[in-house]
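Notes for the one structure printed next.
The values are calculated or read from the model by the stated rules, or taken from the named source; none is laboratory data. None of the values given here were measured: they were computed from a predicted structure. Note that we place each Cβ from the backbone using ideal geometry, even for glycine, and neighbour counts take in every protein chain shown.
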Amino acid sequence: MVIIPAIDLLEGACVRLHQGDYDTAVRYPRNPVEQAEYFADLGVKRIHIVDLDAAKGQGNNRSWIRRIRQAVPCMLEVGGGIRTQADVEELLSAGVQRLVLGTVLVRNPEAVKRWVDQYGKLFLAGIDAREGIVRVSGWQEGSGLSDTDASLLAQKAGMIGIIYTNIERDGTLQGPDRERALRIAAISHLPVILSGGVSSVDDIHRAAEDSIDLSLTNTGSNLSGPYEKQKPGIVGIIVGKAYYEGKIDLQALLAEYPQPKHMLF
């Protein structure tokens, strides 16, 4: 089980939102680089970064992302506002290893397939849904597409995995939607990272019961090799508000779940 702490960026600050509502933003004292360095010092291997300004289409925090990249050795997965090839190239040139695509996957899956063909197995689908329907543009707009149909778009485009968020759980500390995440994994045959609503270590223990053996996953392929022979499941979990509000001891959690040296998704 890969433990992935989150840094959500809004106007250069680390924040958390409630169900994606920008008006609920709570700002935390460490600046983004300091927060990333703190995570790295604890032994975190992967950090989830969301550029909320870019997601909404009002500026971006890419200068902060570049500074984070220079400061820490962790794998960085970045989402929010990645909608053009220029966006892809800018973030890859900054040293980001995984790009999370949401809006563009729904609106232009053909472009996503071209990027996968050109740049390789670097792309994760960000599927964020309310009542089973995907929302886009920083969760500000409905798409009319179900989360399961979006997962099939990700599969067809050759993406290496999915980050699944039930928006109704996000920022609420009510527990993540494991059942829906497992449904997405079963339909798409892609590994799924669970996000939204983590409230305690118990939530992570329950998600770990549904996790797959990463040692069986075939690097460089999303559908071939030993992975397809085992039950699809959860490969990681994103920890946000529960950490920032002191409900999870991240250092103890990392000790309980030793992190893989090599990320296969």
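Checked against the criterion of being over 24 Å from Leu152 (Cβ atoms), touching a helix residue (DSSP H, G or I) at 6+ places or on another chain (Cβ under 6 Å) and not aliphatic (A, V, I, L, M), the range 104-113 has no qualifying residue.
Tell me, which residue of the range 228-264 that is charged (D, E, K, R) and at pLDDT below 90 is farthest from Arg27 (Cα to Cα)? Taking the candidates together, the pick is Lys229.
Checking the conditions here, which among Leu91, Leu76, Leu9, Leu105 is in contact with an Asp or Glu (Cβ under 9 Å, 6 or more places away or on another chain) and either of a type in the set (Val, Ile, Thr) or under 18 Å from Gly126 (Cβ atoms) (or both)? None of the others qualify; the one that does is Leu9.
Yes or no, residue by residue, for (1) part of a helix (DSSP H, G or I); (2) touching a residue at least 40 places away in the same chain (Cβ under 8 Å); (3) within 17 Å of the chain's Cα centre (by Cα):
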site: Glu90; (1), (2), (3): yes, no, no
site: Leu99; (1), (2), (3): no, no, yes
site: Ala111; (1), (2), (3): yes, no, no
site: Asp117; (1), (2), (3): yes, yes, no
site: Lys121; (1), (2), (3): no, yes, yes
site: Leu124; (1), (2), (3): no, yes, yes
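So that you can scan it fast, the table gives a plain yes or no per residue for (1) part of a helix (DSSP H, G or I); (2) modelled with pLDDT under 95:
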| position | (1), (2) |
| --- | --- |
| Gly142 | no, yes |
| Leu145 | no, no |
| Leu153 | yes, no |
| Gly175 | no, yes |
| Ala181 | yes, no |
| Ala208 | yes, yes |
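Among the residues making up the range 168-186, those that are within 17 Å of the chain's Cα centre (by Cα) and among the aliphatic types (A, V, I, L, M) are Ala181, Leu182, Ile184, Ala185.
Which count do you get for residues in the range 45-79 that are crowded, with 19+ Cβ neighbours inside 10 Å, touching a residue at least 60 places away in the same chain (Cβ under 8 Å) and assigned to a helix (DSSP H, G or I)? Looking only at that region, the number is 3. Scanning the range 133-167 for residues that are at positive phi and either among the β-branched types (Val, Ile, Thr) or over 18 Å from the mean Cα position of the chain (by Cα) (or both) returns a single hit, Gly144. Per this entry, Val100 is not counted among residues that are β-branched (Val, Ile, Thr), more than 24 Å from Arg169 (Cα to Cα) and surrounded by 15 or more Cβ atoms within 10 Å (Cβ to Cβ). Pairs linking a residue in the range 127-146 that is under 23 Å from Ala185 (Cβ atoms) and touching a residue at least 60 places away in the same chain (Cβ under 8 Å) to a residue that is crowded, with 20+ Cβ neighbours inside 10 Å and among the small types (Gly, Ala, Ser), with Cβ atoms under 6 Å and 6 or more positions apart or on different chains, are Trp139/Gly20.
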